[in-house]
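Engineer: Could you have a look at this structure, given as structure tokens, before my questions?
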Amino acid sequence: MGRIGPGRAGPGGGKIMNIALQRAEAARLRAAFEAAGGQPVECSILQPARVFLDLYGEDIRARAYVTQDPGRGEQMLRPDFTLPVVQMHMSHGAETARYTYSGEVFRRQEDHPERASEYLQVGYEVFDGRDPAAADAEVFALFSEVLRPYGLRAATGDMGILLAAVQGLETSERRRAALMRHIWRPKRFRALIERFSGRSAVPPTRAALLAARDPMAAAGPVIGLRSE
């Protein structure tokens with residue numbers, strides 16, 4: 001599975017021009033994905049919120065635009081295409097298939113106000129349960145090719161790859177366990193990677209502790225022991 005986005009627009013008349021350019025570029029990318037075998041699909045902008053909440057949990061509520069419909073219950077402006085495309089695919093028998101799409105997605109940017117809350121997303125999805133690794137490689141190679149003219153680098157958010165990479169690290173079991181424990185906390189995980197790789201500075205107090213011949217010499221009395 002792969003997606004490209006977001007696009008940003010400037011103020012005034014330039015904004016209209018930027019939007020037109022973004023749509024033209026999205027159409028070009030989608031055409032490239034169609035040429036690679038992707039079947040064009042469309043998804044409703046208004047989606048049932050329950051489906052996203054069941055999959056992503058309540059965390060998605062803070063990043064999505066949710067509204068209440070008297071007849072349909074909670075609805076959500078489409079935060080991405082992947083989940084609706086997966087639902088569509090599963091409802092048609094879940095055979096091997098390739099899809100492509102493009103359109104607006106909506107995400108609140110309270111932590112990053114400089115980012116657009118509405119932007120175009122273009123994607124290419126491969127569903128092939130016979131060889132998932134080959135499907136991932138196909139998508140990654142295709143995205144690397146279409147992004148090359150922009151000077152951009154394709155990146156993957158596949159947690160399976162990250163988990164396998166951590167498990168394969170040449171490090172101690174304690175460090176590996178710490179990374180696995182915090183792998184869902186990006187800031188803490190990155191801090192551990194920096195620390196374990198030696199790229200972050202060692203705090204002075206920790207450096208002094210490690211350099212001491214007897215770190216416990218100045219620790220004071222040991223409470224609870226009758227004798228040494």
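The values are calculated or read from the model by the stated rules, or taken from the named source; none is laboratory data. Quick caveat, the model's predicted, so the values are computed rather than measured. Counting neighbours? That spans all protein chains shown, and the Cβs are built from the backbone with ideal geometry, glycine included. Each accessible area value is taken on the protein alone, full model and side chains, heavy atoms only, with ligands, DNA and RNA left out. Shrake-Rupley method; radii C 1.70, N 1.55, O 1.52, S 1.80 Å.
Engineer: On a 0 to 90 degree scale, rounded to 10, what angle separates helix 186-196 from the longest Cα axis of the chain?
Structural biologist: Once rounded, the angle reads 50 degrees.
Engineer: Can you compute the FRET efficiency between Asp128 and Arg206 using 1/(1 + (r/R0)^6), with r the Cβ-Cβ distance and R0 = 45 Å? Round to the nearest 0.05.
Structural biologist: 0.40
Engineer: In Å², what does the accessible area per residue of the stretch 19-150 work out to with a 1.4 Å probe?
Structural biologist: The answer is 56 Å² per residue.
Engineer: Test of the criteria: in the stretch 14-92, which trypsin sites (Lys or Arg not before Pro) are in a DSSP loop and have at most 13 other Cβ atoms within 10 angstrom of their Cβ?
Structural biologist: Arg72
Engineer: Within the stretch 106-135, which GluC sites (Glu not before Pro) sit in a loop by DSSP and count at most 12 neighbouring Cβ atoms inside 10 Å?
Structural biologist: Qualifying residues, ordered by number: Glu110, Glu114.
Engineer: Additional query: At a 1.4 Å probe radius, carbon and sulfur cover how many percent of the accessible area of the stretch 19-150?
Structural biologist: With neighbouring chains kept in place, the figure for the stretch 19-150 is 53 percent.
Engineer: How many Å² of accessible area per residue for the stretch 159-208, probe 1.4 Å?
Structural biologist: 77 Å²
Engineer: Next question. Enumerate by residue number the trypsin sites (Lys or Arg not before Pro) in the stretch 156-228 meeting two conditions: DSSP loop (anything except H, G, I, E, B), and at most 14 other Cβ atoms within 10 Å of the site's Cβ.
Structural biologist: The qualifying sites are Arg199, Arg213, Arg226.
Engineer: Going by accessible area, probe 1.4 Å, with all protein chains left in place, what is the ranking of Val105, Val86, Val202, largest first?
Structural biologist: Order by accessible area, largest first: Val202, Val86, Val105.
Engineer: Which of rounded, prolate, oblate describes the stretch 19-150, given a ≥ b ≥ c as roots of the alpha-carbon gyration tensor eigenvalues and a/c under 1.5 marking rounded, otherwise prolate only if a/b is larger than b/c?
Structural biologist: oblate
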